[in-house]
Amino acid sequence: MDALLTAQGEAAWRAWTGGDPADPADAWAGREWLASPATLARLADALAAAPATERAGLDRLRAFVLGEHLARAAAGPARALAAARAAATFRWDRRSVPLRQLPALLAAEPEGPRRQALAAAHAAEASKLAPLVASRDAALAAAGGTAGFTSTLELAAALRGAPAAELAALAEATLAGTEATWRALLADLSRRELGGPAERLRARDLPRLLRTTAPPAAFPAARLLPDAEQLLIGLGLDLAAGGRLTVDAAPRPGKIARPLAVVVEAPGAVRLSLAPLAGLDAARALLHELGVAQAAARTTAAAVEDRRLGPAALPAAWGALLASVTASPDWLSAHGLEPEAVARQARVAAARRLLSAREAAARVLAEVERASDPAGAPAVARALASRALGLPLGPGEPVPWAFDQEPLLRAAETLQAELLAAQVEAFLAAPHGGGPWWRSRQSGAWLAQAWAVGARRSPQEVARGLGAAGLDPAALDALARAAAGPPAAPAAP
């Protein structure tokens with residue numbers, strides 16, 4: 001398993017940083033048995049016989065093997081869907097535009113009617129992917145059946161490390177616990193940004209409402225990595241993590257511009273790729289991947305299931321934690337933003353975090369309903385989407401994730417990551433009166449200890465280590481309320 005993960009990491013690195021074509025089958029050569037139903041059966045037997053102290057590690061082993069089994073079994077339909085998504089376009093302003101560009105186009109479009117037309121043109125083409133999505137989902141369900149699972153929810157529970165009912169309860173608590181803050185923040189932003197009440201908003205307006213407006217010149221490309229290194233120095237940490245983390249910041253043909261942390265070996269060979277891009281969004285993306293990379297490079301766990309496996313929510317939470325620094329008024333002011341711009345970016349960042357958690361929660365609940373009652377699921381999904389967004393869906397307007405369903409509850413990882421990141425942020429800021437925790441070596445020491453154990457603790461266990469009962473949306477809600485500041489005055493009649 002360790003060798004497989006290293007081979008996969010090397011292939012991912014070459015593809016991301018140099019554009020080399022990657023064939024997932026190459027890493028599996030000679031190791032195909034690892035993802036077989038026979039291996040899964042052996043792991044199930046081991047789990048049944050294991051003492052309680054060994055079950056968590058075996059669960060992580062089984063989740064990894066199960067995920068690889070599903071990925072290999074559904075590789076054909078998944079590749080067809082990915083290729084179709086990458087190639088799909090829609091017509092806009094007399095040209096063909098890739099589907100993935102919709103959020104950027106909506107954010108840049110100041111006219112409401114044109115945003116409506118944009119969303120409609122995109123939905124008409126994206127809906128053509130539905131048969132490929134269904135084919136992939138059917139392949140996943142069939143592969144789960146060969147592994148002894150009777151439903152996608154049972155599969156999801158094995159992959160996510162928690163029963164679907166538990167994940168659904170967390171999702172419901174998130175929607176309920178952040179409802180008032182989200183609606184107040186949405187109304188405030190609508191008045192400030194679009195000059196009207198939130199009742200006029202639709203989902204297509206959110207990218208415009210939550211766009212980044214900070215000048216790119218305040219975050220020059222040449223300063224992004226040095227600024228990230230200074231952030232770590234303030235925490236008493238070094239960028240290279242004692243030589244276990246290397247950074248590739250060189251521009252080259254074929255290199256993808258977005259930052260990416262790749263764990264080739266943990267902890268000995270963690271790599272961070274970035275390209276010279278300017279802007280606040282680029283800084284946020286870099287700090288997110290830096291959090292993922294630092295956590296992987298600083299683990300001291302011995303067992304592979306503790307060093308390299310575990311829920312995706314953990315690395316995502318560490319990434320979200322460091323990325324949250326870019327919403328700090330102190331950090332923004334230090335980059336030369338005026339007070340009004342600082343306040344706006346803090347509000348927008350808070351809204352983005354809330355929306356990410358709320359949409360993930362709605363997706364979890366919608367998928368649980370789809371598995372339980374396929375006939376009634378579309379209506380429930382529409383109601384959940386409207387609730388999560390705080391906005392109505394118009395006639396014919398699709399649910400935002402209608403063409404990207406997740407039968408295995410992957411959104412639960414996003415939900416847990418957002419909640420855990422907020423709880424850790426609140427915990428680290430508490431000794432500083434809510435001030436910049438990222439200027440404290442005490443915070444850095446705590447993070448180093450948390451990262452050292454790798455995946456030995458689940459997100460729930462990390463949250464309990466903070467003194468909480470478990471994952472809880474209250475911290476995220478409180479951070480959002482604090483960042484929102486006083487509401488805007490209503491417009492004069």
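The values are calculated or read from the model by the stated rules, or taken from the named source; none is laboratory data. Here the structure is a predicted model, which is why all the values come from computation and not from measurement. All Cβ positions, even for glycine, are placed from backbone atoms using ideal geometry, and neighbour counts span all protein chains on display. Surface areas here come from the heavy atoms of the whole protein model, side chains and all, with no ligands, DNA or RNA. Shrake-Rupley method; radii C 1.70, N 1.55, O 1.52, S 1.80 Å.
Could you tell me whether region 67-79 includes any residue that is within 23 Å of ALA157 (Cβ to Cβ) and open to solvent by 70 Å² or more (accessible area, probe 1.4 Å)? Within region 67-79 (the criterion being within 23 Å of ALA157 (Cβ to Cβ) and open to solvent by 70 Å² or more (accessible area, probe 1.4 Å)), the answer is yes, since at least one residue qualifies. So, ALA301, is that one part of a loop (DSSP other than H, G, I, E, B) and closer than 25 Å to ALA162 by Cα or not? So ALA301 fits the description; yes. The lone criterion from (1) in a helix (DSSP H, G or I); (2) over 30 Å from PRO267 (Cα atoms); (3) under 22 Å from the mean Cα position of the chain (by Cα) left unmet by PRO400 is number (1).
Determine whether LEU232 is modelled with pLDDT under 95, over 20 Å from the mean Cα position of the chain (by Cα) and part of a helix (DSSP H, G or I). Criteria not met by LEU232.
Flag not set for VAL247, criterion: assigned to a strand (DSSP E or B), of a type outside the set (Gly, Ala, Ser), open to solvent by less than 40 Å² (accessible area, probe 1.4 Å) and touching a helix residue (DSSP H, G or I) at 6+ places or on another chain (Cβ under 9 Å).
The single condition among (1) crowded, with 23+ Cβ neighbours inside 10 Å; (2) in a loop (DSSP other than H, G, I, E, B); (3) at negative phi that ALA293 does not satisfy is (2).
All conditions but one from (1) under 30 Å from PRO103 (Cα atoms); (2) of a type in the set (D, E, K, R); (3) assigned to a helix (DSSP H, G or I) apply to ARG464; the one that does not is (1).
Within region 411-425, does at least one residue satisfy the condition of being outside any helix (DSSP H, G or I) and either of a type outside the set (Lys, Arg) or closer than 21 Å to ALA295 by Cβ (or both)?
Going through region 411-425, the residues outside any helix (DSSP H, G or I) turn out to be none.
No, because not a single residue in region 411-425 is outside any helix (DSSP H, G or I) and either of a type outside the set (Lys, Arg) or closer than 21 Å to ALA295 by Cβ (or both).
Applying a threshold of 9 Å to beta carbon distances and a minimum spacing of six or more residues, or different chains, the list of pairs starting in region 19-41 at a residue that is free of Cβ contacts under 8 Å to residues at least 24 places away in the same chain and ending at one that is surrounded by 11 or more Cβ atoms within 10 Å (Cβ to Cβ) and among the hydroxyl-bearing types (Ser, Thr, Tyr) reads ALA27/THR6; TRP33/THR39. Restricted to helices (runs of 4 or more DSSP H) entirely inside region 1-55, those with at least 2 residues that are more than 27 Å from the chain's Cα centre (by Cα) and buried (at least 17 other Cβ atoms within 10 Å of the Cβ) are 37-49.
For region 415-456, a tally of residues being without any contact (Cβ under 8 Å) to a residue 24 or more places away in the chain and either among the charged types (D, E, K, R) or open to solvent by 20 Å² or more (accessible area, probe 1.4 Å) (or both) returns 7. If the condition is being under 30 Å from ARG114 (Cα atoms) and either in contact (Cβ under 8 Å) with a residue 24 or more places away in the chain or among the charged types (D, E, K, R) (or both), then region 216-260 contributes PRO216, ALA217, ARG258.
ARG208 meets each of the listed conditions (1) within 30 Å of ARG363 (Cβ to Cβ); (2) of a type in the set (Lys, Arg); (3) in contact with a strand residue (DSSP E or B) (Cβ under 9 Å, 6 or more places away or on another chain) apart from (3). Restrict the check to region 123-138 and report whether at least one residue is more than 26 Å from the chain's Cα centre (by Cα), under 20 Å from ALA203 (Cα atoms) and free of Cβ contacts under 8 Å to residues at least 60 places away in the same chain. Yes, region 123-138 has at least one match.
The requirement of being farther than 23 Å from PRO315 by Cβ and outside any loop (DSSP other than H, G, I, E, B) is not satisfied by ALA448.
On the basis of being in a helix (DSSP H, G or I) and touching an Asp or Glu at 6+ places or on another chain (Cβ under 9 Å), does GLU367 make the cut? When the stated conditions are applied, GLU367 passes them. Considering ALA343, ALA375, ALA381, ALA323, the condition of being in a loop (DSSP other than H, G, I, E, B) and among the small types (Gly, Ala, Ser) is satisfied by ALA375 alone.
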